[in-house]
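Engineer: There's a structure below that I have some questions on.
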Amino acid sequence: MIQPIYLYGSEVLRKVASAVDLTKKEEIDSLVGDLWETLAKSEGCGLAAPQIGVSLRACVVDGDVMADVYPYLKDFKRTFINPVVLNESAEQCEFNEGCL
């Protein structure tokens, strides 16, 4: 179901999101479905659960919408549940960025 998108400054976006309980498959399926439907309607490239008012660590990314500029993103569609940053570097790069 298409959900409203919470904007910068909303309380839910200020909280540290909780881990998704992986034993609740139906709830995860519903959340992920809502994220994909809402993302498609918003014509964005990524959407996180807190942006639809759900304070859980889950997000979806659709690179297809940027494939004209970044051809390697064609057909790149991913769902992330409880993502973890494994490493980082001090190297910086500049590019256009939205919320994700």
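Engineer: What's the number of the only condition in (1) of a type outside the set (K, R); (2) closer than 14 Å to T79 by Cβ; (3) in contact with a strand residue (DSSP E or B) (Cβ under 7 Å, 6 or more places away or on another chain) that A17 fails to meet?
Structural biologist: Result: A17 passes all but (2).
Engineer: Going by what's in this entry, would L35 be described as surrounded by fewer than 16 Cβ atoms within 10 Å (Cβ to Cβ) and either without any contact (Cβ under 8 Å) to a residue 12 or more places away in the chain or under 14 Å from F80 (Cα atoms) (or both)?
Structural biologist: Considered against the rule, which asks whether it is surrounded by fewer than 16 Cβ atoms within 10 Å (Cβ to Cβ) and either without any contact (Cβ under 8 Å) to a residue 12 or more places away in the chain or under 14 Å from F80 (Cα atoms) (or both), L35 comes out as no.
Engineer: Turning to a different aspect of this structure: Out of the residues in segment 9-57 that are within 30 Å of D68 (Cβ to Cβ) and of a type in the set (S, T, Y), which is modelled with the lowest pLDDT?
Structural biologist: S42
Engineer: Let me ask something additional. Can you name every residue in segment 66-97 that is touching a Gly at 6+ places or on another chain (Cβ under 9 Å) and more than 28 Å from A19 (Cα to Cα)?
Structural biologist: Restricting attention to segment 66-97, the residues satisfying the condition of being touching a Gly at 6+ places or on another chain (Cβ under 9 Å) are 70, 72-78.
Those that are touching a Gly at 6+ places or on another chain (Cβ under 9 Å) and more than 28 Å from A19 (Cα to Cα): Y70, Y72, K74.
Engineer: Name the residue, out of L7, L22, L47, that is over 22 Å from F76 (Cβ atoms) and in contact with a strand residue (DSSP E or B) (Cβ under 8 Å, 6 or more places away or on another chain).
Structural biologist: Values: L7 fails: in contact with a strand residue (DSSP E or B) (Cβ under 8 Å, 6 or more places away or on another chain); L47 fails: over 22 Å from F76 (Cβ atoms).
Testing whether each residue is over 22 Å from F76 (Cβ atoms) and in contact with a strand residue (DSSP E or B) (Cβ under 8 Å, 6 or more places away or on another chain) leaves just L22.
Engineer: Still on this structure: Please go through segment 29-88 and pick out each residue that is within 19 Å of P4 (Cα to Cα) and of a type in the set (D, E, K, R).
Structural biologist: Scanning segment 29-88 gives D29, D34, E37, K41, E43, R57, D62.
Engineer: Give all pairs with beta carbons closer than 7 Å in which a residue from segment 1-26 that is of a type in the set (F, W, Y) meets a residue that is assigned to a loop (DSSP other than H, G, I, E, B) and open to solvent by less than 90 Å² (accessible area, probe 1.4 Å); count only pairs at least 6 apart in sequence or on separate chains.
Structural biologist: Sorted first by the residue in segment 1-26, then by its partner, the pairs are Y6/G53.
Engineer: Then there's this: I'd like to check something: does segment 42-60 contain any residue that is of a type in the set (V, I, T), open to solvent by less than 50 Å² (accessible area, probe 1.4 Å), touching a residue at least 12 places away in the same chain (Cβ under 8 Å) and under 14 Å from P83 (Cβ atoms)?
Structural biologist: yes
The values are calculated or read from the model by the stated rules, or taken from the named source; none is laboratory data. Not measured: the values here are computed from a predicted model. Cβ: placed from backbone, ideal geometry, glycine included. Neighbour counts: every protein chain shown. These area figures cover heavy atoms from the full protein model, side chains too; ligands, DNA and RNA do not enter into them. Shrake-Rupley method; radii C 1.70, N 1.55, O 1.52, S 1.80 Å.
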